[in-house]
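So the structure is just underneath, and the comments pick up after that.
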Amino acid sequence: MNSRGIVKVGHRGAAGHEPENTLAAVEKGIELGADYIEVDVQRTRDSHLVLMHDKFVNRTTNGTGKVIDMSFQELRTLDAGRGQRIPLLHEVLDLANHRAGLILESITPGITQGVFEEVSSFRFDGAIIFASFHHLDLARLRESKPQAETMALIEAVPVQGAQFALDARASCVGVSLDSMTKEFGQILHQAGLRVFLYSADSPEQIGLAKTMDPEGIISDYPERI
């Protein structure tokens, strides 16, 4: 945490420096002093939990196809950038253990409980926030594991204020900087929620994010926060 008390989060590792959602990006984010590393988790055809943001591998690898339609071994043959391979969730847990917290965003619907179970079985020593745009999955996790810290993600300010996060039983919210307002931040804080803003990369974006008084800022360049 920096001198202003804002939590520094490395987006997809430190995606401004290394290929996103790879072990190199996670390591770089830790080296740059991120308090948390945010990564995206999906499930393969054969039920492995791997790091990948897009539903298709086309943008970030030299392959084509949907993650959910591919086996882990098929994914492992792909180049995720600069020779990096698509990592398993447990490899990231091992790399970050004792070094940084993790924000684990579930991309595949229905996997949040499985992500929680893998973290629990690993006995990760550090803070974990389970994040998703699939708010029903977060609510179900909190029903079964009320101790889990969760983050409800949204891209736009909703009509009903903080109700989306209360319905999800979330402890944190992640809001797109492009749609964030001070008034909405006040509503979220009044509801007892911790606010994280994404993604703020340029000095101007980071400066704007800080004026919103968030608990955390998510950036491809965590060292700039």
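For a quick check of your reading: which helices (runs of 4 or more DSSP H) sit entirely within region 141-225 and have at least 3 residues that are closer than 24 Å to Leu32 by Cα and modelled with pLDDT of 95 or more? Because the criterion is at least 3 residues that are closer than 24 Å to Leu32 by Cα and modelled with pLDDT of 95 or more, the helices (runs of 4 or more DSSP H) in region 141-225 that meet it are 203-211. It is to be established whether one or more residues within region 184-200 are under 18 Å from Val119 (Cβ atoms), out of contact with any Cys (no Cβ under 7 Å at 6 or more places or on another chain) and of a type in the set (A, V, I, L, M, F, W, C). So far as region 184-200 goes, no, none of its residues is under 18 Å from Val119 (Cβ atoms), out of contact with any Cys (no Cβ under 7 Å at 6 or more places or on another chain) and of a type in the set (A, V, I, L, M, F, W, C). Taking the criterion of being over 21 Å from Gly10 (Cα atoms) and either among the aliphatic types (A, V, I, L, M) or buried (at least 16 other Cβ atoms within 10 Å of the Cβ) (or both), the residues of region 114-138 that qualify are Gly114, Glu118, His134, His135, Leu136, Asp137, Leu138.
Suppose we keep only residues that are under 15 Å from the mean Cα position of the chain (by Cα) and in a loop (DSSP other than H, G, I, E, B) within region 40-64. Which one would you say is surrounded by the most Cβ atoms within 10 Å (Cβ to Cβ)? Step by step, filter region 40-64, then rank; the result is Met52. The single condition from (1) over 17 Å from His11 (Cβ atoms); (2) surrounded by 15 or more Cβ atoms within 10 Å (Cβ to Cβ); (3) in contact (Cβ under 8 Å) with a residue 60 or more places away in the chain; (4) more than 18 Å from the chain's Cα centre (by Cα) that Ala80 fails is (1).
Within region 89-110, residues that are closer than 13 Å to Leu49 by Cβ and surrounded by fewer than 24 Cβ atoms within 10 Å (Cβ to Cβ) reach no partner that is modelled with pLDDT under 95 and of a type in the set (Val, Ile, Thr) with beta carbons closer than 7 Å at six or more positions or on different chains. In the condition set (1) in a helix (DSSP H, G or I); (2) closer than 21 Å to Phe56 by Cα, Ser121 is compliant with all but (2).
For the residues Ala148, Ala131, the requirement of being aliphatic (A, V, I, L, M) and under 14 Å from the mean Cα position of the chain (by Cα) singles out Ala131. All of (1) farther than 28 Å from Ile187 by Cβ; (2) in contact with a Gly (Cβ under 6 Å, 6 or more places away or on another chain); (3) not in a loop (DSSP other than H, G, I, E, B) hold for Gly126 with one exception: (3). Taking the criterion of being surrounded by fewer than 19 Cβ atoms within 10 Å (Cβ to Cβ) and in contact (Cβ under 8 Å) with a residue 12 or more places away in the chain, the residues of region 147-170 that qualify are Glu149, Ile154, Glu155, Ala156, Val157, Gly161, Phe164, Leu166, Asp167, Arg169. Filtering Ile86, Ile68, Ile37 for residues that are more than 13 Å from the chain's Cα centre (by Cα) and either in a strand (DSSP E or B) or surrounded by 18 or more Cβ atoms within 10 Å (Cβ to Cβ) (or both) leaves a single hit, Ile86.
The values are calculated or read from the model by the stated rules, or taken from the named source; none is laboratory data. Because the structure is a prediction, the values reported are computed rather than measured. Using ideal geometry, Cβ is built from the backbone for each residue, glycine included, and neighbour counts are taken over all protein chains shown.
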